[in-house]
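The values are calculated or read from the model by the stated rules, or taken from the named source; none is laboratory data. Quick caveat, the model's predicted, so the values are computed rather than measured. When we count neighbours, we look across all protein chains shown, and the Cβ atoms used for this are built from the backbone with ideal geometry, even at glycine.
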Amino acid sequence: MDDTSILDDTEQYVSKSHSKLLEAVSQLDKGQRVKKVERSEPTLEVSEFHLVKSGISDQDTVHVQEIARILRKKGHHIEIARNIETAKKNIRVLPKPLEKPAAERIKRIVGFEGTKKELKKNGTQ
């Protein structure tokens, strides 16, 4: 064998391995892509994937007052009914959290006040 045939063999081997590598990378790339979400028509099918309210009416919903009323009629569930009613009375909507810059500003102010108190305790200021 001469040098040119050896070079041709190595070039063929390199080109085959390179093409295998490119094919493997393209296969990896195909599996990683996230498809764009598509909208579908609303259906009457109730599923966690079809969260559409148009097929569900308010008549089918169960309210807490109804559950408490039914449980009050049964003697051994009276305590549960009371707990439901007290929990319903204590329900309140949480306030909207502060915007990030305002929250960070408050944290800095509180941290500054705490550091100031510690420095006063140590006698340095």
Restrict the check to segment 83-90 and report whether at least one residue is basic (Lys, Arg), modelled with pLDDT of 80 or more and in contact with a helix residue (DSSP H, G or I) (Cβ under 7 Å, 6 or more places away or on another chain). yes
Could you please let me know if residue 123 is over 30 Å from the mean Cα position of the chain (by Cα) and on the phi > 0 side of the Ramachandran plot? yes
Can you work out which of the residues in segment 87-119 that are surrounded by fewer than 10 Cβ atoms within 10 Å (Cβ to Cβ) and under 14 Å from residue 64 (Cα atoms) is nearest to the chain's Cα centre (by Cα)? 91
Residue 109 meets each of (1) out of contact with any His (no Cβ under 6 Å at 6 or more places or on another chain); (2) at pLDDT below 85; (3) not aromatic (Phe, Trp, Tyr) with one exception, condition (2)
